[in-house]
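Participant: Sharing a structure, written as structure tokens. Questions coming.
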Amino acid sequence: MPIELKGVTYTYMRGTPFERTALRDVSLTIADGSLTAIAGHTGSGKSTLVQHLNGILHPTAGEVLLDGENLAGKGKEARLARRKVGMVFQYPEQQLFEETVAADIAFGPKNLELPDEEVERRVRSAMEFVQLDYETYKDVSPFQLSGGQMRRVAIAGVLALEPKYLVLDEPTAGLDPRAREELLRRVTELHRKKKLTIIFVSHNMDDIARMAERVVFMHDGRVLVDAPPAEAFFAEAEIREAGLSAPSTVTLLSRLKENGLDVDADAFTVDEAVKRIAKAIKKKGGASC
Amino acid sequence: MAFIEIEDLCFAYPSTRGEKRMVLDHVNLSVEEGEFVALLGTNGSGKSTLAKHLNAILLPTSGVCRVAGIDTRDVTRLWDIRQTVGMVFQNPDNQIIAAIVEDDVAFGPENLGVPSEDIRTRVDGALNSVNMADFQKFAPHLLSGGQKQRVAIAGTLAMQTRCVVLDEPTAMLDPVGRKEVLDTVRRLHQESGITFIYITHFMEEAAAAQRVVVMEDGKIVEDGSPKEIFCKADAMRKRGLDVPLAAEITWRLRKQGVRLSENIVTEEELVVALCR
């Protein structure tokens, strides 16, 4: 069953002089097992949107259904539904607090009142997934780790809850290129192998180009574009309106075309871009320079 | 004598367990006044630790760090050092303290005891040079990330620092904000001759600098022009870093036997080379 947002509107501080509507009539269906990227500039409503996905915020109007259950409900079913969503916030490493890595990751499952063996199994498997060796790191203080490692610990803490849906808000901000690539690869793998439904928020279009199956651009509290990458990345006018920039591959190819190179400007991954350029050079008659 | 002189600098964070982890390992670096240097390296390579030595937030465990001829260990000159080198950090919300933009920019000079009419001139000048004059009466929390970082830069300009160190100033910003900050730094560098040390994980930003310094495991392992550094795409990748897209594509095309200059780093250069 999918996540369904039906006509969701959200207004902060309603009835005060600071009233501000952050979401306007947003309808969106996120299919089971999909990998969706949500992009938008600061203040576009994307973080407000994802906070609706596990009931941190409830809509001012409209409803959010998860596996058919209204997340704003009061009963046990609604509570269980909210638990199916794992949320990795921006800079999640700032939320680490335990004395050891293992204790920090175990905090969530322990609160679910799972038996000790089950907690340990989940901690081990979550750490394996984020590639932190259990024996090496379990007794280490999370505060002695590097930024990239701390972020992996924080993500492991969410994975240990074994959510069905995983929401990541700007997961790669502040990570170095290797850590960024590694994290994106892991997330893609979670999606492919464990069939997790993944929603990730980012304004890094190059990250999105690398992995998303579907792209949603938010602007001014509304969904501006909702399309597969092959369409979304070429919607120039909308990308500009949303205050974003196309992936650098797309911009480069279109500049080459504008300047007279006969290249198919329909690629957005680096591999494809290189192929297109190589083909265009061959057509042109061998080499330039 | 160079403006920044770092000689054989070592730094180890004090550890409770007794073992010492060297974060900076015999670093030597000199930067001339007016240079624009990008500092690259993976998380944990020592970039931020090095940056914090430049205005005496951290002091060398051994070796020397001199800024404008002042040894940073000289406690009697601490104020001079802080007035020479300003810092802008990653998270704009952690460094803006006042409730009004112009108050925030005035905070530094006020603490220096600058006469109030001079403060007025400095604040106006600083906000003008980061294109934030229209926002002087704004509350900072209503600004975008890029605008907040520009206010933070204005805060250092109002101190009339000769050098500004920016530690991943764009990591939390959207593409528009990133461009605002980088454009501001480039323009200030050209117009004012301020020395900029710019730490980033975005290779496109580093390509805008005059000089790129790469750190790994507490050591400086590369030091050269963006062209010299970024034409070695595979070496950079082995270090866990990246190169700008144009350099990456050039490298891959060359590997396929396409004849292209290895010195292509920017999109502009690649377009020129391919479309001639």
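The values are calculated or read from the model by the stated rules, or taken from the named source; none is laboratory data. In this text the structure is predicted, and so the values were computed from the model without any measurement. All Cβ positions, even for glycine, are placed from backbone atoms using ideal geometry, and neighbour counts span all protein chains on display. The protein model used for the area step is the full one, side chains on, heavy atoms only, and it has no ligands, DNA or RNA in it. Shrake-Rupley method; radii C 1.70, N 1.55, O 1.52, S 1.80 Å.
Participant: If A:Ser44 satisfies every condition in (1) of a type in the set (Gly, Ala, Ser); (2) in a helix (DSSP H, G or I); (3) under 20 Å from the mean Cα position of the chain (by Cα) but one, which is the exception?
Facilitator: Unmet condition: (2).
Participant: Looking only at the range B:30-51, which residues are away from every other protein chain (no Cβ under 12 Å) and surrounded by 21 or more Cβ atoms within 10 Å (Cβ to Cβ)?
Facilitator: The answer is B:Val31, B:Val37, B:Ala38, B:Leu39, B:Leu50, B:Ala51.
Participant: Collect the residues in the range B:239-276 that are facing another protein chain (nearest Cβ under 7 Å) and either β-branched (Val, Ile, Thr) or on the phi > 0 side of the Ramachandran plot (or both), keeping them in residue-number order.
Facilitator: B:Gly240, B:Ile249, B:Val258, B:Val271, listed by residue number.
Participant: A follow-up question, please. Can you name every residue in the range A:157-207 that is within 14 Å of chain B (Cβ to nearest Cβ) and part of a strand (DSSP E or B)?
Facilitator: Those that are within 14 Å of chain B (Cβ to nearest Cβ) and part of a strand (DSSP E or B): A:Asp169, A:Val201.
Participant: For the range B:183-276, list the strands (runs of 3 or more DSSP E) that sit wholly inside it and hold at least 2 residues that are buried (at least 21 other Cβ atoms within 10 Å of the Cβ) and touching a strand residue (DSSP E or B) at 6+ places or on another chain (Cβ under 8 Å); which are they? I'd like the intermediate steps shown before the answer.
Facilitator: On the way: elements: B:195-199, B:211-216, B:219-224.
Where strands (runs of 3 or more DSSP E) fall fully within the range B:183-276 and carry at least 2 residues being buried (at least 21 other Cβ atoms within 10 Å of the Cβ) and touching a strand residue (DSSP E or B) at 6+ places or on another chain (Cβ under 8 Å), they are B:195-199, B:211-216.
Participant: Further question on the same structure: Name every residue in the range A:217-246 that is in a loop (DSSP other than H, G, I, E, B), crowded, with 20+ Cβ neighbours inside 10 Å and aliphatic (A, V, I, L, M), in order of residue number.
Facilitator: Those that are in a loop (DSSP other than H, G, I, E, B), crowded, with 20+ Cβ neighbours inside 10 Å and aliphatic (A, V, I, L, M): A:Ala242, A:Leu244, A:Ala246.
Participant: Here is a follow-up. Among the residues of the range B:121-137, count how many are in a loop (DSSP other than H, G, I, E, B) and not basic (Lys, Arg).
Facilitator: Of all residues in the range B:121-137, those in a loop (DSSP other than H, G, I, E, B) come to B:130-132, B:136-137.
Checking the rest, the ones that are also not basic (Lys, Arg) come to B:130-132, B:136.
Result for the range B:121-137: 4.
Participant: How many of the residues making up the range A:126-144 are touching a residue at least 12 places away in the same chain (Cβ under 8 Å) and either small (Gly, Ala, Ser) or open to solvent by 20 Å² or more (accessible area, probe 1.4 Å) (or both)? Walk me through how you get there before you give the answer.
Facilitator: Our first condition is that a residue be touching a residue at least 12 places away in the same chain (Cβ under 8 Å); within the range A:126-144, this holds for A:126-127, A:129-132, A:134, A:137-143.
Next cut, either small (Gly, Ala, Ser) or open to solvent by 20 Å² or more (accessible area, probe 1.4 Å) (or both) only: A:126, A:129, A:131, A:134, A:137-141, A:143.
Selection size over the range A:126-144: 10.
Participant: Working carefully through the options A:Asp271, A:Asp262, find the one that is part of a loop (DSSP other than H, G, I, E, B) and either more than 22 Å from the chain's Cα centre (by Cα) or at the interface with chain B (Cβ under 10 Å from one of its Cβ atoms) (or both). Spell out the reasoning first.
Facilitator: Working: A:Asp271 fails: part of a loop (DSSP other than H, G, I, E, B).
Exactly one of A:Asp271, A:Asp262 is part of a loop (DSSP other than H, G, I, E, B) and either more than 22 Å from the chain's Cα centre (by Cα) or at the interface with chain B (Cβ under 10 Å from one of its Cβ atoms) (or both), namely A:Asp262.
Participant: Continuing with the same structure: Mind telling me which of the residues B:Ala152, B:Ala171, B:Ala126 ends up being open to solvent by less than 60 Å² (accessible area, probe 1.4 Å) and free of Cβ contacts under 8 Å to residues at least 60 places away in the same chain?
Facilitator: B:Ala126
Participant: Condition check: under 30 Å from B:Ala235 (Cβ atoms) and out of contact with any Pro (no Cβ under 6 Å at 6 or more places or on another chain). Does A:Thr188 satisfy that? Walk me through how you get there before you give the answer.
Facilitator: Details: under 30 Å from B:Ala235 (Cβ atoms): yes; out of contact with any Pro (no Cβ under 6 Å at 6 or more places or on another chain): yes.
Yes.
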